[in-house]
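Below is one structure; the comments refer to it alone.
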Amino acid sequence: KILALVRDGQLLPIDPPPEQPVDQIFSTGGEVLVQLRKAGAFRVVGTRLVPIAGATNATTLALRDRELLVGSEDGYWGIHLDTGRPTFNRDTHLPGTNLTRIITLPEGLWFGPTRGAFARTREGFVYYASRRWSIAVQGL
């Protein structure tokens, strides 16, 4: 196993290499964030992985400006990347809480739970089930 960064044309291996497979890698504002399967979210500092406080049980990550959205098997929450403080508490009032993917778009957030897909917009939830799109009741 190896995980490495390329900086200034040089290959820099992360030491020690992660035990778990890499699910996602993000680069934002000059820093690199890594999400490892079943191990949570990490910042790359030099050539080391440093855990991001509050994101140890992450199943998926997304970026919204300087906010890290952390999805888990039980909802999602936000962490400000500059302060490390929560931007909002865990939200479990969702059509599905076992999240495997979060995608940010201008009109809202898309979620991929273990079953189906849904979006959260200003108007409420839109979800996909049984080969059709439906509008959910606002305020679920």
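The values are calculated or read from the model by the stated rules, or taken from the named source; none is laboratory data. Please read these numbers as outputs of a predicted model, since none were measured by experiment. We place every Cβ from the backbone using ideal geometry, glycine too, and count neighbours over all the protein chains shown. Areas reflect the complete protein model, heavy atoms only, side chains present, ligands, DNA and RNA absent. Shrake-Rupley method; radii C 1.70, N 1.55, O 1.52, S 1.80 Å.
In a simple Cβ point-charge model (Lys, Arg +1; Asp, Glu -1; nothing else charged), the range 1-65 has a dipole of about 140 debye relative to its Cα centre. A simple spin-label model places the labels of Leu12 and Thr47 0.9 nm from each other, with each point 7 Å out along Cα-to-Cβ. Which residue, Gly71, Gly54, Gly46, has the most motion in a Gaussian network model of the chain that connects Cα atoms within less than 10 Å? Largest GNM mean-square fluctuation: Gly46. Computing the accessible area with a 1.4 Å probe over protein heavy atoms, can you report the carbon and sulfur percentage for the chain? Here carbon and sulfur together make up 52 percent of the probe-accessible area. The modelled label-to-label distance for the pair His80/Thr104, using points 7 Å beyond Cα in the direction of Cβ, is 1.5 nm. Once you order the gyration tensor axes a ≥ b ≥ c over the Cα atoms, which shape class does the chain get: rounded for a/c under 1.5, otherwise prolate or oblate by comparing a/b with b/c? It is prolate, given that a/c is not under 1.5 and a/b is the larger ratio. The 3J(HN,Hα) values that the Karplus relation (6.51, -1.76, 1.60; θ = phi - 60°) gives for the range 102-117 are, in residue order, 10, 10, 8, 9, x, 7, x, 10, 9, 10, x, x, 5, 10, x, 7 Hz. Gly and Pro appear as x.
On full extension, the segment bounded by Arg115 and Leu63 gains 16.5 nm, given 0.36 nm per residue less the C-alpha separation.
Within the listed set Pro106, Pro18, Pro51, the residue fluctuating most in the Gaussian network model of the chain (springs between alpha-carbon atoms under 10 angstrom) is Pro106.
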